[in-house]
Amino acid sequence: MSPDSVTPIKPEPVAATHFVPGEIPRQYHLQLWRQACGFGTRVEPLEEQWRFLGTTSTWHAGDLVFMHAHTSPTQYRRTPQHTRPGRKGCVMLKLLLQGSHNSVIDDRHHFHARVGNITVQDWLQPFTTATSACEMLSVMVPRDLLRSSSLMNTRAPVTVWCADSTEYLLLKSALFTMRAQLEQATAEQARVLAAGFIGLLDGLLLNDRELLRHQYTDDSRLNLMKQYLNQHLQERGLGPERLVAIFHCSRATLYRLFQPDGGVAAYIQKQRLQQCLHELSRMQRGHQGLLDALATTWGFSTVGTFARQFKKHFGISALDALQARNTASVAVPAANTSNPLAGYWRQATRIDDWVRECSG
């Protein structure tokens, strides 16, 4: 056989999935997304008729899971079961293109992700995240590939880089470059892109001043105060005066300790709103009376005040979140059937497997 007659080996394409909204009946969107996210988080809709708002694509690039998602308002809960000992864990980087995310990590650390910043979060810690309708680029990196992961722990589970920072500019450029190249990349090219991205992210995290500072910060007193507040959130009169009396400190000390949270009152309000969101996600039927009861239980003066603060904090209305509990989950045809939707079920299962490999 002459050399010219040898069939060249076709390069292996990068592994990818694509959920195209127009090709999937709306009633199946939520169940597909729950299957895709099943290993990493619990997914609850925060809007009736939850759906993909645009094509949602995921690539398994080397050791990374890279995602470009367009989704309805959603609550994601990563529970202690998801983070049980023995799992290697991962670090999640997110760049919001539209919408907003509000998160609380380990029931203590609040952060608000918005368009114009990049967040990097340690997924070894339990968290709850509520999103508005959003478009987002995200990258999941195994912790054992990042030397800097040792800096991210219970003291510093998240770092945020704003749009005027060097870190933001470098990572945004890298994310858009990777997003464009993954469309046509081979598996080998994707591994090269992933290795370069990991090196860039690791270098930036290793030199982040806030992460380094937290390694030498004693947060034990603040944690005790937050633990006390969390245990008494339903009590009226909860505030700085009580902490001053119980912990024998000055108001100036409280101001310094709670400054990153916006103050004691702001922390209490965020925690109460988070509890309200959790209860709304568990209620089965929606009517105005439930919102009145919720507002009273968690210390809001009126249901109107509660509704305004909820909408401002989460970017969605409390009534929408309550009514979303009526969203039905419709079973998607299994992967071994001839139904065209079975292909999408296989894609959702692949994403779940990639997340399991990355963080399990």
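Tabulated results
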item: Rg/Rg_globular for the range 5-160, with Rg_globular taken as 2.2 N^0.38 Å and Rg from C-alpha atoms; result: 1.12
item: Value of [θ]222 nm, deg cm²/dmol, for the chain, DSSP H segments ≥ 4, -39500 (n - 2.57) each, nearest 500; result: -12500 deg cm²/dmol
item: Lys, Arg +1 and Asp, Glu -1 on Cβ, resulting dipole of the chain about Cα centre, debye, nearest 20; result: 900 debye
item: Normalised contact order of the chain, rounded percent, pairs of Cα under 8 Å and 6 or more residues apart; result: 23 percent
item: Along principal axes, Cα extents of the range 113-238, largest first, whole Å; result: 59, 36, 27
item: Number of Lys pairs (Cα under 22 Å; 8 or more positions apart or on different chains) in the chain; result: 6
item: Note, ³J(HN,Hα) from phi for the range 226-237, Karplus 6.51, -1.76, 1.60, rounded to Hz, x at Gly and Pro; result: 5, 4, 4, 4, 4, 7, 10, 4, 7, 8, 6, x
item: Charge dipole of the chain about the Cα centre (unit charges at C-beta), most positive-ward option of Q274, T131, N207; result: Q274
item: C-alpha center-to-center spacing [the range 205-254, the range 10-71] in angstrom; result: 38 Å
item: Within the accessible area of the chain (1.4 Å probe), percent carbon and sulfur; result: 52 percent
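The values are calculated or read from the model by the stated rules, or taken from the named source; none is laboratory data. This one's a predicted model, so the numbers in the text were calculated from it and none came from an experiment. Cβ atoms come from the backbone with ideal geometry, glycine included; neighbour counts cover every protein chain shown. Note: areas computed on protein heavy atoms with side chains; ligands, DNA, RNA excluded. Shrake-Rupley method; radii C 1.70, N 1.55, O 1.52, S 1.80 Å.
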